[in-house]
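Student: Supplied in structure tokens, the structure appears directly below.
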Amino acid sequence: MMIKKIAFICTGNSARSQMAEGFGRYYAKKLNKNIKVFSAGANPAGYVNPYAVKVMKEKGIDISKNFSKSLNEIPLNEIDYIITLCGDAKENCPVIHKAETFHWGLPDPAKIEGSEEAKLKVFREIRDEIENKILNFFKLI
């Protein structure tokens, strides 16, 4: 069986795409899918957002060892599916002719201002939306 390669692309590769990578790897293993998951940013932040780490840990997925990566740090020419998670990544993502491209426009939870609880609420909403989208996507491939 051929391994499918998925890349989740965002601007900073610090929150949305990191959560997507975490869920992608978790569900690929859990559902016994032959899928390899990557994430990268058009302009990497250099860190993984601590709120993303915290809300993923609530789901039993540890992304604390992840790091933000640039597009040239993943095997772009081998990717089968590119999923952009923000408008900036959609605009700046390189065209890979063999890759099928999808866009999941999700708000950036890192831009939320307010209390820690307000930030966590938004991170949890985005996390849950990403999880649902990945589960649905994995049914298609």
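Student: Among the numbered criteria (1) in contact with a strand residue (DSSP E or B) (Cβ under 7 Å, 6 or more places away or on another chain); (2) among the basic types (Lys, Arg); (3) farther than 12 Å from CYS10 by Cα, which single criterion is violated by ARG127?
Tutor: Evaluating ARG127 over (1) in contact with a strand residue (DSSP E or B) (Cβ under 7 Å, 6 or more places away or on another chain); (2) among the basic types (Lys, Arg); (3) farther than 12 Å from CYS10 by Cα leaves (1) as the failure.
Student: Now for a separate question. Take the residues in the stretch 58-67 that are free of Cβ contacts under 8 Å to residues at least 60 places away in the same chain and under 17 Å from PHE23 (Cβ atoms), then tell me which one is farthest from the chain's Cα centre (by Cα). Before you say what the answer is, go through the steps one by one.
Tutor: We begin by selecting, within the stretch 58-67, every residue free of Cβ contacts under 8 Å to residues at least 60 places away in the same chain; these are 60-67.
Still in the running and under 17 Å from PHE23 (Cβ atoms): 60-66.
Numbers: GLY60: 16, ILE61: 13, ASP62: 14, ILE63: 11, SER64: 14, LYS65: 15, ASN66: 11 Å.
So the residue we want is GLY60.
Student: Of all residues in the stretch 7-34, count the ones that are in a strand (DSSP E or B) and farther than 17 Å from ASN132 by Cβ. Walk me through how you get there before you give the answer.
Tutor: Of all residues in the stretch 7-34, those in a strand (DSSP E or B) come to 7-10.
Subsequent filtering for residues that are farther than 17 Å from ASN132 by Cβ retains 7, 9-10.
Qualifying residue count for the region: 3.
Student: Would you kindly identify the helices (runs of 4 or more DSSP H) lying entirely within the stretch 43-141 that contain at least 1 residues that are more than 28 Å from MET2 (Cα to Cα) and modelled with pLDDT of 95 or more?
Tutor: Values: elements: 50-57, 87-92, 116-140.
The helices (runs of 4 or more DSSP H) meeting that bar are 50-57, 116-140.
Student: Scanning for something in contact (Cβ under 8 Å) with a residue 40 or more places away in the chain, under 14 Å from ASP108 (Cα atoms) and under 14 Å from the mean Cα position of the chain (by Cα), does the stretch 22-34 turn up at least one residue? Reasoning before the result, please.
Tutor: Narrowing the stretch 22-34 to residues in contact (Cβ under 8 Å) with a residue 40 or more places away in the chain: 22-24, 27-28, 31, 33.
Subset that is under 14 Å from ASP108 (Cα atoms): none.
Checking the stretch 22-34: not a single residue is in contact (Cβ under 8 Å) with a residue 40 or more places away in the chain, under 14 Å from ASP108 (Cα atoms) and under 14 Å from the mean Cα position of the chain (by Cα).
The values are calculated or read from the model by the stated rules, or taken from the named source; none is laboratory data. Every value quoted in this text rests on a predicted model; they were computed, and no experiment measured them. Neighbour counts run over all protein chains shown; Cβ positions are idealised from the backbone, glycine included.
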